[in-house]
Structure formats: structure tokens, C-alpha cells
Amino acid sequence: MKRIGVLTSGGDAPGMNAAIRAVVRTSTAHELEVIGVKRGFAGMIDGDFIKMGPRDVANTIQRGGTVLLTARCKAFFEPEGRAQAAAKLEEAGIEGLVVIGGDGSFHGAHYLCQEHGIKVMGVPGTIDNDLYGTDFTIGYDTALNTALAAIDRIRDTAASHERLFFIEVMGRHAGFIALSVGIAGGAEEILIPEQPEHLDQVIETVRQSALKGKASSIIVVAEGFEGGGLKVMEAVSKATGLDARASILGHVQRGGSPTAADRILASRLGFAAVEALMEGKTDLMAGVVADEIHFTPLQETWEKRKDVNQKMRLMAKVLAL
Ligand code: F6P
């Protein structure tokens, strides 16, 4: 193998730049040429490629977002789009590809490999942490800390006004961010799609908290739970008559300088992905399980389910007493 491509795709995540940097520098160390594919699979279809050397990734390890830009590409869901993209890769002499992204990006990479024989290696980059085969995804730790800083601030105003706050965090269909940030932020209740709680139960919890003398409370709601924070807030406030507000943290969770944990994870996975491609591995995701690099077939990363830690959820309930 002489030349590989690297791209970021789907929602951006802090630490993607650290992963690109690791891919570029590991490749250069092995005398492999690296081509950056701009705007994910959309740029691949358009042949939007740039040559990348070690100096092109200088001063990027601390930057949020992705220097290669990203996109969600509908055309790549169709075989025609993938065929167009494969032709562009062949034209550019790209024999292997590192795809940094989430499950949508891994679907694209998998089919590109199956249909066109391109060697692909996935690197998990998403704040959602919802991929099977890795304990953590790149961006998750930073998003957690960003959401936590926001919750700490909201707690100040919640306490001053003796209000109930419903804080919605991202995670798409998964509750990893909600559960972790709920525990770290001392939430009264954590609502996640994996363990749906009936709204009546939530209303009862809020009533009980008021009876226990809690003047203000923070309830963390995963965006995938029952229509999200605003809906839950409206239902609870109507039923209890309590003064409540909803705060939707949104895309602020995707930005910012990556934490040390995300930079280290991204560096390890970018490095491992290139070495794996050089060994002839393909159609896999490089992840970290129990602090060791672990490879998982791409298809399993979305077909198998990564569960939230049930014990942590139970613990959170006790700690909210
Ligand atoms: O997958 C990352 C994520 O931020 C999810 O948590 C969220 O549901 C989604 O992307 C938002 O996507 P977009 O930026 O396209 O609105």
C-alpha cells in the first residue's frame, strides 16, 4: 500500500483533528502518502482531495471541529453514489481509507469495502458514545465536560429561583451522555431512552422531591427520551404546578477544545488504524476496550448493542435521595 485517504464524516466531535493528525503522522513515518478527503463522503464523490503532510496537521491537536470539514451525505446511501466515489479513489490511487465518524459513516465505509474492495478502517468519532466495540468514542469526554459546565451554571440559577430545571443533552437514540453527566452533575432524575420511565413516575419523583424539602432540582433528559426536555418539562409542570424551565444544550456540546482524554484516545486510534491497514486488515473499527486497542467488524459496531451501565443508573437514584 502506497497511498491512503482520511476523512471525517457525520456530526463533528472534539478530537477529530487529533485523530487526523495521528493518521497523517503515522502514515508518514511508514512512508505512506496521505490524501485528505474534504467534507466526508460528499467530498469523495466530488473528488475533493488534498495531499497532507506532517506540517499540515501542526497546531491542530487542541482544536475542536474538523480541519477536513464534514457532512452527512445522502448520495452515499445509494450504490451509484458509492460507485462514483470509488472511481474517484481509484483515479487518485487511494488504496486504503481511514473513516473517522459514527455509525452512519461506518455503514458507508463498510459498503465501500464490500462493493469496491477498498480497504477501510473505522475510527469512532462521535459525542454519542453509542458504538459497540469501544468503551469510549472520540468527543464523548469533551461533550460530557461541556454539558457538565452548563449544568453547574444552571444549578446556580435554579437554586436562586427555587426552580425545577429540565436539561436536555444530545446523544441521538442513546443515553450515555445523559447518564454520565446526570451523575457528575448530581441530577435528581436522569431520563434515558434505554430505560424509558413513564411520565407518571417522573411526576411522582418530582412531587416526592418537593415533599422532601428540595426547593430546586435538576433533571437531565436525553434528547431521545419521550420527545425531549421541553415536552417532559411541560407535562411535569402542568401536573405539579411547579415553576419549571427547560434548557436544551444543543450543539454547544459538539464544540470546543478536546479534553486530554479525547486527544489521547484519538491519537491512539488514529495510530492503530494506520498500522492495521498496513497489516492488511480491513472492514474493522479500531476501538479501546479495557484500555487495550481492540478491532471490531464494522457491521457489528451498529448491529450489536452497547448497553448503558445499569448499575450506574441505580446508583444515581440512591444518590439523589
Ligand atoms: O451524532 C452526534 C449528534 O450531535 C447527535 O447527538 C445529535 O442527535 C445529532 O448529531 C445532531 O445532528 P445535526 O448536527 O445534523 O443536527
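The values are calculated or read from the model by the stated rules, or taken from the named source; none is laboratory data. Remember, it's a predicted structure, so these values are computed and weren't measured experimentally. No Cβ is skipped: glycine too gets one built from the backbone with ideal geometry, and neighbour counts run over all protein chains shown.
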**Asked** Of everything in the stretch 108-117 that's in contact with a helix residue (DSSP H, G or I) (Cβ under 7 Å, 6 or more places away or on another chain) and either in contact (Cβ under 8 Å) with a residue 60 or more places away in the chain or within 15 Å of the ligand (Cβ to nearest atom) (or both), which residue is farthest from A273 (Cα to Cα)?
**Response** G108
**Request:** Might you check whether a residue that is among the polar types (S, T, N, Q), surrounded by fewer than 22 Cβ atoms within 10 Å (Cβ to Cβ) and out of contact with any helix residue (DSSP H, G or I) (no Cβ under 9 Å at 6 or more places or on another chain) occurs anywhere in the stretch 20-35?
**Result:** no
**Asked** Just to be sure, is A316 free of Cβ contacts under 8 Å to residues at least 60 places away in the same chain, in contact with a helix residue (DSSP H, G or I) (Cβ under 7 Å, 6 or more places away or on another chain) and outside the structural domain of L7 (by TED's automatic domain parsing)?
**Response** no
**Request:** Taking the residues in the stretch 83-103 that are part of a helix (DSSP H, G or I) and touching a residue at least 40 places away in the same chain (Cβ under 8 Å) as candidates, determine which candidate is surrounded by the most Cβ atoms within 10 Å (Cβ to Cβ).
**Result:** A85
**Asked** What tally of residues in the stretch 118-132 results from selecting those that are hydrophobic (A, V, I, L, M, F, W, C) and away from the ligand (no atom under 14 Å from the Cβ)?
**Response** 4
**Request:** Consider T8 carefully, then state whether it is in contact (Cβ under 8 Å) with a residue 60 or more places away in the chain and either within 15 Å of the ligand (Cβ to nearest atom) or among the hydrophobic types (A, V, I, L, M, F, W, C) (or both).
**Result:** yes
**Prompt:** Which one is farthest from D307 (Cα to Cα) among residues in the stretch 190-244 that are of a type in the set (V, I, T) and surrounded by fewer than 21 Cβ atoms within 10 Å (Cβ to Cβ)?
**Reply:** T240
**Prompt:** Any idea how many residues of the stretch 263-294 are free of Cβ contacts under 8 Å to residues at least 24 places away in the same chain and either outside any loop (DSSP other than H, G, I, E, B) or within 30 Å of I218 (Cβ to Cβ) (or both)?
**Reply:** 3
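Table: residues versus (1) part of a loop (DSSP other than H, G, I, E, B); (2) at pLDDT 95 or above; (3) touching a Gly at 6+ places or on another chain (Cβ under 9 Å); (4) away from the ligand (no atom under 16 Å from the Cβ).
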residue	(1), (2), (3), (4)
T134	yes, yes, yes, no
D152	no, yes, yes, yes
I167	no, yes, yes, no
H173	yes, yes, yes, no
I183	no, yes, no, yes
Q208	no, no, no, yes
G213	yes, no, no, yes
I219	no, yes, yes, yes
F225	yes, yes, yes, no
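Per-residue answers, yes or no, for (1) away from the ligand (no atom under 16 Å from the Cβ); (2) closer than 28 Å to R263 by Cβ; (3) within 24 Å of the chain's Cα centre (by Cα):
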site	(1), (2), (3)
R3	yes, yes, no
M16	no, yes, yes
A42	no, yes, yes
F49	yes, yes, no
A83	yes, no, no
A87	yes, no, no
G93	yes, no, no
**Message:** Under 7 Å between Cβ atoms, which residue pairs at least 6 apart in sequence (or on different chains) link something in the stretch 143-167 that is surrounded by 13 or more Cβ atoms within 10 Å (Cβ to Cβ) with a partner that is assigned to a helix (DSSP H, G or I) and not aliphatic (A, V, I, L, M)?
**Reply:** A143/Q253; A143/R254; L144/S180; T146/Q253; A147/Q253; F166/G229; I167/G229
